[in-house]
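Working notes for the structure below.
The values are calculated or read from the model by the stated rules, or taken from the named source; none is laboratory data. Worth saying up front: this structure is predicted, and the values here are computed from it rather than measured. Heads up, the Cβs are rebuilt from the backbone with ideal geometry, glycines too, and the neighbour counts pull from every protein chain shown.
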Amino acid sequence: MGFNEKFRIITKVNNLGLLTTIVLTIIGMGIFFPRFLSPINIEILGMGFVQEAIMALGMTLIIISAGIDLSIAGVMPFSAIMVGIFLNNNFGITVSILLALLLSAFVGFVNAQMINHLKVHPFICTLATLTTLRGINLVITKGETVAGFPPAFYFFGQGRVFGIPFPILLFAVMAIVFAYLLKNHKYFQQVYFIGGNIDSARYSGINIDRFIIFIYVLNSILAGIAGIITASQYISASTGFGIGIELRVITIVIIGGASLSGGKGTIGGTILGILFLAIINNTFVQTGAPTYWQEVVYGSMLLIAVFLEEYIGVKRKGTGVLKRWREFML
């Protein structure tokens, strides 16, 4: 049996292991904390991680392409702030949302242009964009909270459809669409070729630059949607939104089986990653454990996942994360 076949088997075993861990955790929490399985807590569990869940869909495509996008942590509050400013200036809900998403998309376009034409590594250019956006957010708001939204806007973060919170329903629909397209649509499947071997993808006729623009713009739009939902939930917009959210989103995708070296990942795996981190987050709440330990747990899981990916990648014909990123810079 070749290593690639072993690698696929290991991936399936890892996903099965993650699913088993989720089920056992749910059972254990249900036994020791009966309220964990209550409808109210299940809703809290879902709503508490819905922003990360939405952004993880786009991040899955980015990471499969062997890229990374840290700027979502800046786009999210930027979108929330801009939609608030537009609403306060009587642009109307629909126009305000569209303008906020258009500005979010522009951030993704800028990231893609730096990657395509300036050959800046995705980590560096999106880190720069994140830092710039945080500064812009502070300049726009002067450090103050943007509030005073019309009541009709509250629906996007607090409304219900058939008794289901709108943000959760929106994520469910988007996840189904993304999963279908990534599995069945040839255009979306190009991301696997690009992440697996970018030179082969280019020689096969794939327009790499155009596809990079597509996935980074899409990722920024999803971050913008998350920001709008957050503004609607809190009935305000603040520069404090999204702190550390980029690492949580990346952790979700990596734990779900995507490879930082590219070419591997599924929406189904990402959904498992979302469930896992959402349950861990809720477990801290149920047990009364100090919440600051959450970041320690998230960071440790990401560190372990990256270490294992690097180790396996080196074994797999020397295609570790560090090697792939060094090659990108040459």
- Could you check how many residues of the stretch 37-51 are buried (at least 16 other Cβ atoms within 10 Å of the Cβ) and either at pLDDT below 85 or not in a helix (DSSP H, G or I) (or both)? 1
- Item | Answer residue from the stretch 169-186, given it is in contact with a helix residue (DSSP H, G or I) (Cβ under 9 Å, 6 or more places away or on another chain) and over 19 Å from A258 (Cα atoms) and is surrounded by the fewest Cβ atoms within 10 Å (Cβ to Cβ) among those | L170
- Within the stretch 67-86, track down each residue that is surrounded by 24 or more Cβ atoms within 10 Å (Cβ to Cβ) and of a type outside the set (V, I, T). G67, D69, S71, A73, G74, M76, P77, F78, S79, A80, M82, G84
- Query: Yes or no: T94 loosely packed, with under 14 Cβ neighbours inside 10 Å, among the β-branched types (V, I, T) and under 22 Å from Y234 (Cβ atoms)?
  - Reply: yes
- Note on the structure: Given the conditions (1) in contact with a helix residue (DSSP H, G or I) (Cβ under 6 Å, 6 or more places away or on another chain); (2) surrounded by fewer than 21 Cβ atoms within 10 Å (Cβ to Cβ); (3) closer than 27 Å to T251 by Cα, every one holds for F123 apart from (1)
- What do you reckon, is I229 hydrophobic (A, V, I, L, M, F, W, C), farther than 23 Å from I22 by Cβ and either at pLDDT 95 or above or in contact with a Phe, Trp or Tyr (Cβ under 6 Å, 6 or more places away or on another chain) (or both)? yes
- Inspect the stretch 163-172 for any residue being within 17 Å of V217 (Cα to Cα) and not polar (S, T, N, Q) and give the result as yes or no. no
- Query: Among the residues of the stretch 137-153, which ones are exposed (fewer than 14 other Cβ atoms within 10 Å of the Cβ) and either at positive phi or within 23 Å of the chain's Cα centre (by Cα) (or both)?
  - Reply: K142, G143, G148
- Test Y187 against the stated conditions and say whether it is in contact with a Gly (Cβ under 8 Å, 6 or more places away or on another chain) and at negative phi. no
- Message: Six or more apart or on different chains, Cβ atoms under 9 Å: show the pairs whose first residue is in the stretch 38-51 and aromatic (F, W, Y) and whose second is in a helix (DSSP H, G or I).
- Response: F49/R248; F49/I252; F49/I274; F49/L275; F49/L277; F49/A278; F49/N281; F49/N282
- Task: Give the residue, chosen from F166, F156, that is farther than 30 Å from L118 by Cβ, free of Cβ contacts under 8 Å to residues at least 24 places away in the same chain and buried (at least 16 other Cβ atoms within 10 Å of the Cβ).
- Result: F166
- Item | Subset tally (residues that are over 22 Å from A237 (Cβ atoms) and among the small types (G, A, S)) for the stretch 97-120 | 1
